[in-house]
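The next block holds one structure in the form of structure tokens; read it before the comments.
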Amino acid sequence: MIFVSFTKKSFLVFTLALLLVTPTLAVTAQNNNGSGESKTQKTILAKVNGAEITQQQLSQSAQVYPIIMTLSRQYRTFGQFLMTSEAGQKFLTEYRKHVLDKLIDQQLQKQKINDLGIAVSDEEVQKEIDKIIENNKQFEDEKSLKDYLKKNQNMSLADLKTRMKESLKSQKLREEVTSDVTVTEEEINSYYEKNKKSFTDDEGNVKPLEEVKSQIKTTLKSQKQNKAFSEWLEKAREEAEIVKNLENL
């Protein structure tokens, strides 16, 4: 499960990624239900098997102007370059295209999650909240976590739980589509022989295979799962009906 080693640093990185860069399925679902953008006003940037991705969703996910404002406070020249130059505008357009592609990928995942009937219970989410508190000395209880989120991330505990639920769904999807991934003894032995120098003790002696076998297996399985998931996603894109309206970017 995620958040097992949720240190203060990793927690900040996680929440920042959710807020600024990584478009979440929760945001996608919220916008699909209507969140301030009327049907007559919305600009559709893409359709994924009929599901719409709008300009508002892209704006909320890309966070272009908040990012520029943050950059401008520390790197004023770079901020001005992005806002005022033709090259800067082209850069921002490419960034929007990148985020749109991520939204499309997430819509494909969301559709697969629905097809498979993947669900996450409130109890599963609460376990992750408890892990955050247990692994961070700064949080005495759920209230202290709630206060931290409100003060430092402008996020409610309910927001975190919603996003965590979607993250857990994505994790279950990943486990489902990579369930056939295995690691053989031959692969473990080959990896060990090629990377012996990476497995030394404090005195520089190479550790025996049995001592690092579990570590190698975990590494290889993760690599193969990443590849398998990427291949699944690529195939999903190829099979999906995707229509982009890039002129509206």
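Below, the figures for the structure above:
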| quantity | calculated |
| --- | --- |
| Filtered residue count, region 128-151, keeping only those that are loosely packed, with under 13 Cβ neighbours inside 10 Å and touching a residue at least 12 places away in the same chain (Cβ under 8 Å) | 1 |
| Criterion violated by residue 237 - all others in (1) farther than 30 Å from residue 48 by Cα; (2) surrounded by fewer than 16 Cβ atoms within 10 Å (Cβ to Cβ) satisfied | (1) |
| Some residue of region 124-136 being at pLDDT below 95 and outside any helix (DSSP H, G or I) | yes |
| Test: residue in region 175-184 that is in contact (Cβ under 8 Å) with a residue 60 or more places away in the chain, under 20 Å from residue 224 (Cα atoms) and surrounded by 13 or more Cβ atoms within 10 Å (Cβ to Cβ) | yes |
| Test: residue in region 163-173 that is under 19 Å from the mean Cα position of the chain (by Cα) and of a type in the set (Gly, Ala, Ser) | yes |
| Pair list, Cβ under 7 Å, 6 or more apart: region 152-174 residue under 13 Å from residue 129 (Cα atoms), other residue among the polar types (S, T, N, Q) | 163/24 |
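The values are calculated or read from the model by the stated rules, or taken from the named source; none is laboratory data. Everything numeric in this text was worked out from a predicted model, so none of it was measured. No Cβ is skipped: glycine too gets one built from the backbone with ideal geometry, and neighbour counts run over all protein chains shown.
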